[in-house]
Amino acid sequence: MSHVTRETLAAAAKRDLEAILQRGKPLTPKERLAIVPQEMPTQDPQVRRRTMSEVALGYTAEQSRLESLRCLQCRNAPCVEGCPVRIDIPAFVKAAGEGDIQAAIGIIKRNSLLPSVCGRVCPQETQCQENCTVGKALKDTAKAVAVGRIERFVADWEREQGKALPPSVKPETGRKVAVIGTGPASITVAADVRREGHQVVMFEAFHKPGGVMVYGIPEFRLPKRIVEAEISALQAMGVEVRTNFVIGRTRKLRDLLDKDGFDAAFVGTGAGLPKFMGIEGENLVGVFSANEYLTRVNLMKAHDFERADTPIFRSRVVAVLGGGNVAMDAARTAVRLGAEAVHIVYRRTEKEMPARIEEVGHAKEEGVIFHLLENAKRIVGDEQGLVTGMECLRYELGEPDASGRRRPVEVKGSEFIMPVDTVIVAIGNDSNPLIPRTTGGLQVTKWGNIIVDDTGKTSIDRIYAGGDIVLGAATVILAMGEGRRAAASINALLKG
Amino acid sequence: MNAPPFPAIIPGYYRYSYRLILMNRILSKTQLSDDVFMMKVEAPLIARERLPGQFIILQINNDFGERIPLTIADADAEQGWIAIIFQTVGRTTHLLAEKNVGDTIESVLGPLGHPTHIERVGTVVCVGGGIGVAPLHPIVKGMKAAGNRVIVIMGARTKSLLIMEEQMRALADELIICTDDGSCGRKALVTEPLKEICGREPKPACVVAIGPPIMMKFCAEATRPFGVRTLVSLNTIMIDGTGMCGGCRVTVGGETKFVCVDGPEFDGHKVDFDNMMKRLKAYRRQEEHAHEQCHLEQAARQKGAAVA
Ligand SMILES: Cc1cc2nc3c(=O)[nH]c(=O)nc-3n(C[C@H](O)[C@H](O)[C@H](O)COP(=O)(O)OP(=O)(O)OC[C@H]3O[C@@H](n4cnc5c(N)ncnc54)[C@H](O)[C@@H]3O)c2cc1C
Ligand code: FES
């Protein structure tokens, strides 16, 4: 597939939109279905392989309107069913189609606090867009109304126009809430609780707030200035952000409530414990968790060889284990750092890959090589402990299991060595045990996730939790939804 | 430098907000040897919570600086300071050494890691090599306070590199100094007196060894035949220090452990030191380059200052 420039896409959209507007008649459903689905303008793959700047450039105003006009405004709105925070999608898309961007963003913000982020990173193809009638009619989810891209456009417009004013804050109540972590779950709680006039202090272990959005998801997918703008908005509301403060070590969770005068606490510490494969050779030099690799680059800026003090391994041939967003991000980062070849090794087939489809596509365009139905068996190294290769096994799809998915089973004797100097393990994260370990009475599942009831409350009164620490590694939108729920409970508690 | 005022809305101002609570101001600075410095840093929250054996992670420049772990050598909860002792081996430690009393350190995170398990066990041998004497100090203090008989063995290449001799002498029931060149104390490696002490009757109850990896490895080998429990404190490459990246991992008894959260102390008889030493060298080439660069820049700055 050859790359279409932004200019070409913009010109086509302009022409098509003018034709529709000139007719001055409402569109029939058939006409709506006939509108060309708007492609996301992107940087040329050859150029972006060498830069960290954002790959997806965002719709033009005409593209956004045209794409919105594809929506059939279904009365039963199946898309809303697919949205974890139930944004009124038909309503905002309608406003966007009429060119009333201000109204569109207003509707989104009733349910979502981070539309600029979610428009970029939500797995829309398994949420709103999976249910879309347009996609069904055209027999292709990829042709569903691109809700996420429209969302991104209207949210970016608002920020760029300087119209994203921080929400108003009710008079001070004198109540104080501690929010642990600064990821999407915590940001949502901070905003919703602060709105009610309660004092909010956020605690972040790292030197910069934002959670995975800052240290994990790369700049080329989610520019850091967007996250910074969200944090600044919180600060403008009067939320205090304390970085370099690790709860459980700098201060125990219970001490915040018992000694420091906080009336309630929310734990949104994410799923920050990298899983390893448990195979031979995993501690050789040149094997990294995706967390480490991505943190070195995103948070510590190791790609800026001139200015950054944090080093990054200079790889020639990289294998990334896994098939999720994290794996795609790590592989595409390795490409940008100058690796000659980057391989994704995944045990199942592309259909099962949990990564956003768009990112899989981008990775392929950038030259990442996919090895499906293969898995690592052991990593081999030389006498200096440096990785020299990875022994892999081939798999085939066996009988369907209970969930109906065909299980991959290994092909006996199919071992082969893939010569690589770097292996990045991106097979998921467990929950960080620090807070449960240092907070007596806090109940967790056997995987270490904090247990909450349906109000978001943990086993300890006045302590709430949400996001990845409760769900296991999940998504930004789910974290935000959990934050909303916990914030509502905290606000109810503090009212009483 | 004072903390900036508390502005209502400045994008990106969060960088400064922590200073309201954690000033991280340098209260004193002492040069202990050619390239070893001690600093007292204002950090009341860390001073309040910290226990022997724990460490901090510090960063000089929040945008481009690296995060490095340093053991807390001493602390005073009442006065709200912690002491760090460091050797100028890389870029960050060089920049740190150039700071003066009254300057602040942009980021200081802690206290991290499990504290040393301190209890009354009888006789404890504490072995410190080079700069490792610094992290050993609070442990010696704690072990002594718990009512143990504490034998301290200190080792260095040469006399001028020995640090904290006074403090150790004041605490230890028995102090043995070893130098490679015999310029002070015995001309021996620390393992030599260690073996002798393990051979005494009754055997010491436990050994704590902190120093260069190779020293810890040989201390563990020295005590193994005597079956004396030997703790080592590992100082691997770290980023977050909270268990998030796995960069600090080591193999202990065949299992992968994260030094920052599972350690920093481990059973020396189970640590795979060879693997750890290889991992420590992962960025050697880049680090050597940075170090060299650092000296060049420093020389240039000094020259500049001399001209001005
Ligand atoms: C590389 C990568 C790519 C991803 N891509 C996508 C994507 O495309 N789409 C999507 O929807 N989701 C994606 N995700 C998942 C998504 O980022 C997470 O689900 C989401 O960020 C979880 O939010 P959270 O608020 O629960 O916690 P996090 O964002 O994990 O934030 C937790 C914060 O708490 C801090 N913290 C932890 N412990 C403590 C403590 N004891 N004291 C103080 N602070 C502490 C951490 O430093 C961190 O900053 C991705 C994840 C990764 C790692
Ligand atoms: S330093 Fe990152 S896990 Fe230990």
For this session: Please give, to one decimal in nm, the separation of the simple spin-label points placed at B:Arg284 and A:Leu72, each 7 Å out from Cα toward the Cβ.
Result: 6.6 nm
Problem set entry | the stretch A:162-258 - percent relative contact order, Cα under 8 Å, separation 6 or more | 32 percent
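Can you classify chain A as rounded, prolate or oblate using the Cα gyration tensor, where a ≥ b ≥ c are the square roots of its eigenvalues, rounded means a/c under 1.5, and otherwise it's prolate if a/b beats b/c and oblate if not?
Working: a/c = 1.63, a/b = 1.03, b/c = 1.58.
Here chain A falls in the oblate category.
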Seminar exercise, completed: Straight-line reach check, B:Lys203, cutoff 19 Å on alpha carbons, 8 or more apart in-chain or any other chain, hits among aspartates and glutamates -> B:Glu119, B:Asp173, B:Glu174, B:Glu192, B:Glu221, B:Asp267
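Can you pull out the GluC sites (Glu not before Pro) in the stretch A:79-127 whose DSSP state is coil and whose Cβ has at most 13 other Cβ atoms within 10 Å?
Working: sites: A:Glu81, A:Glu98, A:Glu125; in loops: A:Glu98.
Sparse-neighbourhood loop GluC sites (Glu not before Pro): A:Glu98.
Of B:His137, B:His269, which has the most accessible area and how do the rest follow, probe 1.4 Å?
Values: B:His137 15, B:His269 45 Å².
Heavy-atom accessible area, descending, gives B:His269, B:His137.
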Problem set entry | Given A:Lys208/A:Lys495; A:Lys208/A:Lys301; B:Lys195/B:Lys217, the pairs whose alpha carbons are separated by over 20 Å | A:Lys208/A:Lys495
For this session: For the stretch A:1-24 and the stretch B:32-60, compute the distance between their C-alpha centroids and round to whole Å.
Result: 61 Å
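If you take the beta carbon distance between A:Ile357 and B:Glu201 as r and set R0 to 56 Å, what does 1/(1 + (r/R0)^6) give as a FRET efficiency, to the nearest 0.05? Don't skip to the answer; put the middle values down first.
Numbers: r = 72 Å, r/R0 = 1.28.
Working from the Cβ atoms, E equals 0.20.
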Seminar exercise, completed: For the stretch B:181-194, Karplus-derived ³J(HN,Hα) couplings (6.51, -1.76, 1.60; θ = phi - 60°; whole Hz; x for glycine and proline) come out as 9, x, 6, 7, x, 7, 8, 6, 8, 4, 5, 5, x, 4
Exercise. Given the protein chains as shown and a 1.4 Å probe, how many square angstrom of B:Phe64 are accessible, to the nearest 10?
Worked result: 40 Å²
Exercise. Heavy-atom accessible area of A:Lys275 with all protein chains present, probe 1.4 Å, nearest 10 Å²?
Worked result: 80 Å²
Exercise. Ratio of the stretch A:383-477's C-alpha Rg to 2.2 N^0.38 Å, to two decimals?
Worked result: 1.64
Exercise. By the gyration tensor of its Cα atoms, with a ≥ b ≥ c the square roots of the eigenvalues, what is the shape of the stretch A:6-160: rounded for a/c under 1.5, prolate for a/b over b/c, or oblate?
Worked result: rounded
Problem set entry | Evaluated over the stretch A:98-219, the Cα radius of gyration and Dmax, each in Å | 17.2, 56
Exercise. Ignoring ligands, DNA and RNA, how much accessible area is buried between chains B and A, both sides summed, with a 1.4 Å probe, to the nearest 100 Å²?
Worked result: 4700 Å²
For this session: Write down the percent of antiparallel bridges among all DSSP beta bridges whose residues are both part of the stretch A:274-429, to the nearest 5.
Result: 45 percent
Exercise. Do you know the relative contact order of chain A, to the nearest whole percent, from alpha carbon pairs under 8 angstrom that are 6+ apart?
Worked result: 14 percent
Problem set entry | Antiparallel bridges, percent of DSSP beta bridges restricted to the stretch B:123-280 (to nearest 5) | 25 percent
For this session: Output the pairs from A:Lys259/B:Lys257; A:Lys25/A:Lys94; A:Lys364/B:Lys257; A:Lys30/A:Lys94; A:Lys170/A:Lys224; A:Lys252/A:Lys446 with a Cα-Cα distance over 24 Å in this structure; if there are none, say none.
Result: A:Lys259/B:Lys257; A:Lys364/B:Lys257; A:Lys170/A:Lys224
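Which of rounded, prolate or oblate describes chain B when judged by the alpha-carbon gyration tensor and an a/c cut-off of 1.5? Working shown, then result.
Numbers: a/c = 1.68, a/b = 1.56, b/c = 1.08.
Prolate.
If you restrict to DSSP beta bridges whose two residues both lie in the protein assembly as shown, what percentage is antiparallel, to the nearest 5? Don't jump to the answer; show the numbers that get you there.
On the way: 53 of 111 bridges.
Of the beta bridges lying entirely in the protein assembly as shown, close to 50 percent run antiparallel.
Can you tell me the length gained on complete extension of the stretch A:Ala19 to A:Glu340, counting 0.36 nm per residue apart and subtracting the Cα distance?
Details: separation 321, 0.36 × 321 = 115.56 nm, distance 4.68 nm.
Going from the current span to full extension adds 110.9 nm.
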Problem set entry | Span from the the stretch A:312-380 Cα centroid across to the the stretch B:130-175 one, whole angstrom | 50 Å
Seminar exercise, completed: Per the Kirkwood formula over distinct C-alpha pairs, the hydrodynamic radius of the stretch B:123-280 in angstrom is 15.8 Å
For this session: Determine the gain in length on full extension of the stretch B:Ala170-B:Ala146; use 0.36 nm per residue of separation and subtract their C-alpha separation, reporting nm with one decimal.
Result: 7.0 nm
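What's the local net charge at B:Thr191, with K and R +1, D and E -1, over the other residues with C-beta under 13 Å away?
Values: positive: B:Arg186, B:Lys195, B:Lys217, B:Arg224; negative: B:Asp180, B:Glu192, B:Glu196, B:Glu221.
Once all neighbours under 13 Å are counted, the net charge is 0.
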Exercise. Helix-derived [θ] at 222 nm for the protein assembly as shown: sum -39500 (n - 2.57) over DSSP H runs of at least 4, divide by residue count, nearest 500?
Worked result: -9500 deg cm²/dmol
Seminar exercise, completed: With R₀ set to 25 angstrom, the calculated FRET efficiency between the beta-carbons of A:Thr51 and A:His3, to the nearest 0.05, is 0.95
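Counting only C-alpha contacts under 8 Å and six or more residues apart, can you give the relative contact order of chain B as a whole percent?
Details: 625 pairs, mean separation 44.6, N = 308.
Relative CO of chain B lands at 14 percent.
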Exercise. What order, most packed first, do the peptides A:372-379, B:258-265, A:401-408 have when packing is the mean number of other Cβ atoms within 10 Å of each residue?
Worked result: B:258-265, A:372-379, A:401-408
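The values are calculated or read from the model by the stated rules, or taken from the named source; none is laboratory data. Since the structure is predicted, the reported quantities are computational estimates derived from the model, not experimental observations. Don't worry about glycine lacking a Cβ; one is built from the backbone with ideal geometry, like all the others, and counts go over all protein chains shown. With ligands, DNA and RNA removed, areas are computed over all heavy atoms of the protein, side chains included. Shrake-Rupley method; radii C 1.70, N 1.55, O 1.52, S 1.80 Å.
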